[in-house]
């Protein structure tokens, strides 16, 4: 009956049963749990496996430099603003839109901040507030056109890309501004260290790592208890513990590396707070659900009482806000504002979201996936830089990775479509 | 010996983990109209995909003999080459291209130098259009035609390919009665010209009206082939083959105890969103608690438009009129307010307007009432699973768990998910637009049972349907709608298909 959408074929439906039963049963019995965990969401786990493989590859290729304490810190500092942008971008993409303007918005928000702090001599936090306010205003502007006038986001943000780049040049009067005072610079290149001392390492960083692991364990345990209370299947207890130990080990290794370098980067704290906050927003709130509903089927969402225009509006306001944060971080890191700042950032952020499993058609994607997607790009760039690979080759490789990641996604979908 | 144009022998098609077809046999005589029927998921479409080469030779077991020759198709092009053309339920026309351009798409009429000779193409298109009885200019964009006419363009396109075996998948599913009659007529004429047709259909009335033989498929196996010439094969007989049992009745029994009025709509007028005309004009109707009220109307009468405009102005502009829920006037400006006012509307097109097909059952069920599961904006996922699981069981949704993706369910199960979603909003009045469209006989019966359960619980139900027997079978009262006006209100005891049809076709002047 339908040839374009194989999964909706009635004939195919009968085939679903055995496949779908498998993971649920496995979770119940507690056997072959690991496999179930991996195969239950191949799309996501595929990304994690690729991530680990890429880290391993470049660790070998760089003789271990990639995972050295100093370099791990560098990766965080270098790519934090892309990851911040990717958080907002994946939400935009889940809702079925795109935002091409974020690079220009990063430039403009940074420029506004620089003018106030460097030219006008205002305190550094005034610059931060002004940048965030600018980001919010830009988000509201674009959200208005997309949500209330009904112009496709591609067009609105393409216009925004030109518009805000032009305004950046205007604000900066075509020249670069630098340097920022010390307080502002600490945002992107400052560290929280030495608070508790330590011998050759930073105890405070390790403490924070430990707190993070404990927090993770507690939240996982509480969610497990809640699931049990609702008679939901949970993984076997040993596996549950193994999972937490594994995550804890990775986090503590990471903290250990940081502690042996310069301590805990402030920007990492900002990033962690944003990732946790937005993961919760996308997965557990009504707003998050509505974003997925709009992207999955706009008409059905509308007829389910979702206030589509309001949701779309706030998605773009949020994107503007995050672009403002990225603008602050980037200007702080580059210690000034340049007319050409943030060039091509939108493409990195979009690539991160798609590599992380977001669907071009909307309705699919996760914040964590986008972060992993962003880190894949980050590790590859950094690894190739360490190896001294030419910029041109780096670009070629990144392009191919994006293409292959989405091809993998399409292949997965098609396979799911025909085999089921 | 019978002269068979097509024989499919022992066809077995296996998907990983499941046999979609098992030892299916189909023999189609030259020049006949052969119907294939079966419940959703029985394997009809899979069989046609095997035949047309969508599933290439080698991916199935068994043998296909076309015109006396064993054939092995590697793709659709191969099957079209020998004259097998399939017309899918969802038409494959490009709306912005003209009739002629669509007709020769992929099969262009080349002139000198390899360029398309449009004069020749248009002339040939005009000839073929005349043949299918479609009075349209070949340069008209297809998007300007109604679905019925588009269907005829598809058939003309098939004729342009020198079709010998025409396969029609649910050809009348989207057509109104007039267009359906026209199409069936055309099929008879094609038969006279010697073109063999295979028709897949749910509509047993049509099958018995036009076809010579009917093959019944159930659970991926051929059940039987019945000849309709003997005149003894009734619709009940075919249904027995399809479901493997006798349906005692199409419609479950229900005692009617209408209570107080739940919904009253007064003087309701709706304008078309873009065109300068009224789609609904001065409509008045009421629905009482414990009552099933039907709205009968031909396609284009404004049934869906009426329902959607009542549902928080989801359709139309310049909507005027008043509406009352439990005697209190409400003015919902959007869908969210309509839901709050206790109105629920289950759409006629569940794939496009009812469900998020890429999401699972639980997220679809909760979609219209997420706030019930949330405190301070946070959704309680476990409570959500519990709620969805409850509906999966009570509505008998056939899926392994509420984590199953809705797009992979059959039509009947999808419809149950849509109903669950609206029941969870706890509505006072439930508007069901074509609640049994495209679902099989067994699932229809279940849907009717659910409707009865709802009214027994004191809900008010408004049903829109194109199938008059369905309205007669389940409603207490039926309104007829013609060209946007309510032309009659008939208690079911006095209603017949004939008098309803008369009211449904009543002219505007007379109605006023």
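Which condition number does residue B:121 fail, the rest of (1) farther than 30 Å from residue B:217 by Cα; (2) touching a helix residue (DSSP H, G or I) at 6+ places or on another chain (Cβ under 7 Å); (3) surrounded by fewer than 21 Cβ atoms within 10 Å (Cβ to Cβ) being met?
Going through the list (1) farther than 30 Å from residue B:217 by Cα; (2) touching a helix residue (DSSP H, G or I) at 6+ places or on another chain (Cβ under 7 Å); (3) surrounded by fewer than 21 Cβ atoms within 10 Å (Cβ to Cβ), residue B:121 breaks only (3).
Could you list all residues from the range B:135-157 that are surrounded by 21 or more Cβ atoms within 10 Å (Cβ to Cβ) and part of a loop (DSSP other than H, G, I, E, B)?
Matches in the range B:135-157: B:138 only.
Looking for something on the phi > 0 side of the Ramachandran plot, away from chain A (no Cβ under 13 Å) and part of a strand (DSSP E or B) - is there at least one such residue anywhere in the range B:20-27?
yes
For the range B:94-112, give me the residue count where each residue is assigned to a loop (DSSP other than H, G, I, E, B) and either surrounded by fewer than 20 Cβ atoms within 10 Å (Cβ to Cβ) or at pLDDT 90 or above (or both).
Number of matching residues: 10.
So how many residues does the range B:416-456 have that are at negative phi, at pLDDT 90 or above and part of a loop (DSSP other than H, G, I, E, B)?
Total meeting the criteria: 5.
Within the range B:365-390, how many residues are more than 8 Å from every other protein chain (Cβ to nearest Cβ) and part of a strand (DSSP E or B)?
Adding up the residues that qualify gives 1.
Please work out which residue is modelled with the lowest pLDDT, limiting yourself to the range B:39-62 and to residues that are on the phi > 0 side of the Ramachandran plot and within 14 Å of another protein chain (Cβ to nearest Cβ).
B:41
Do the conditions hold for residue B:143, that is, is it at pLDDT below 85 and under 23 Å from residue B:86 (Cβ atoms)?
So residue B:143 passes the test.
In the range A:91-118, which residues are within 22 Å of residue A:286 (Cα to Cα) and either over 20 Å from the mean Cα position of the chain (by Cα) or crowded, with 24+ Cβ neighbours inside 10 Å (or both)?
Matches in the range A:91-118: A:91, A:92, A:93, A:94, A:95, A:97.
For the range A:364-373, state whether one or more residues are part of a helix (DSSP H, G or I) and more than 28 Å from residue A:65 (Cα to Cα).
Yes: one or more hits.
For the range B:63-72, indicate whether the set of residues that are under 26 Å from the mean Cα position of the chain (by Cα), more than 26 Å from residue B:438 (Cβ to Cβ), modelled with pLDDT of 85 or more and not in a helix (DSSP H, G or I) is non-empty.
Looking for residues that are under 26 Å from the mean Cα position of the chain (by Cα), more than 26 Å from residue B:438 (Cβ to Cβ), modelled with pLDDT of 85 or more and not in a helix (DSSP H, G or I), one finds none in the range B:63-72, hence no.
For the range B:343-364, which residues satisfy the criterion of being more than 8 Å from chain A (Cβ to nearest Cβ) and in a helix (DSSP H, G or I)?
Within the range B:343-364, B:350, B:361, B:362, B:364 qualify.
Could you tell me which residue of the range B:28-38 is modelled with the lowest pLDDT, considering only residues that are outside any strand (DSSP E or B) and either buried (at least 16 other Cβ atoms within 10 Å of the Cβ) or not assigned by TED's automatic domain parsing to the domain that holds residue B:51 (or both)?
B:38
When you look at residue B:394, is it over 22 Å from residue A:279 (Cβ atoms) and facing chain A (nearest Cβ under 7 Å), yes or no?
So residue B:394 fails the test.
Which members of the range B:391-414 meet the condition of being part of a helix (DSSP H, G or I), touching a helix residue (DSSP H, G or I) at 6+ places or on another chain (Cβ under 6 Å) and touching a residue at least 24 places away in the same chain (Cβ under 8 Å)?
Hits for the range B:391-414 are B:391, B:406, B:407, B:412, B:414.
Out of curiosity, is residue B:408 away from chain A (no Cβ under 14 Å), modelled with pLDDT under 90 and buried (at least 21 other Cβ atoms within 10 Å of the Cβ)?
So residue B:408 fails the test.
Look through A:72, A:76, A:60, A:34 and report the one residue that is at pLDDT 90 or above, in a helix (DSSP H, G or I) and more than 14 Å from chain B (Cβ to nearest Cβ).
None of the other options fit; the residue is A:60.
Among (1) under 30 Å from residue B:367 (Cα atoms); (2) out of contact with any helix residue (DSSP H, G or I) (no Cβ under 7 Å at 6 or more places or on another chain), which single condition is residue A:281 missing?
The single condition residue A:281 does not satisfy is (2).
Say whether the condition of being more than 14 Å from chain B (Cβ to nearest Cβ), farther than 24 Å from residue A:148 by Cα, surrounded by 20 or more Cβ atoms within 10 Å (Cβ to Cβ) and more than 21 Å from the chain's Cα centre (by Cα) is met by at least one residue in the range A:337-355.
yes
Which of (1) surrounded by fewer than 22 Cβ atoms within 10 Å (Cβ to Cβ); (2) within 28 Å of residue B:373 (Cβ to Cβ); (3) out of contact with any strand residue (DSSP E or B) (no Cβ under 6 Å at 6 or more places or on another chain) is the odd one out, the single condition residue A:272 does not satisfy?
Failed condition: (2).
Hey, among the residues in the range B:437-457 that are touching a strand residue (DSSP E or B) at 6+ places or on another chain (Cβ under 9 Å) and in contact (Cβ under 8 Å) with a residue 40 or more places away in the chain, which one's nearest to residue B:299 (Cα to Cα)?
Filtering the range B:437-457 for residues that are touching a strand residue (DSSP E or B) at 6+ places or on another chain (Cβ under 9 Å) and in contact (Cβ under 8 Å) with a residue 40 or more places away in the chain, the one nearest to residue B:299 (Cα to Cα) comes out as B:437.
Assuming residue B:74 fulfils every condition listed in (1) exposed (fewer than 15 other Cβ atoms within 10 Å of the Cβ); (2) free of Cβ contacts under 8 Å to residues at least 40 places away in the same chain; (3) within 14 Å of another protein chain (Cβ to nearest Cβ) apart from one, which condition is it?
(3)
The values are calculated or read from the model by the stated rules, or taken from the named source; none is laboratory data. As the structure is a prediction and not an experimental result, all values here were calculated from the model. In this analysis, Cβ positions are derived from the backbone assuming ideal geometry, glycine residues included, and neighbour counts consider all displayed protein chains.
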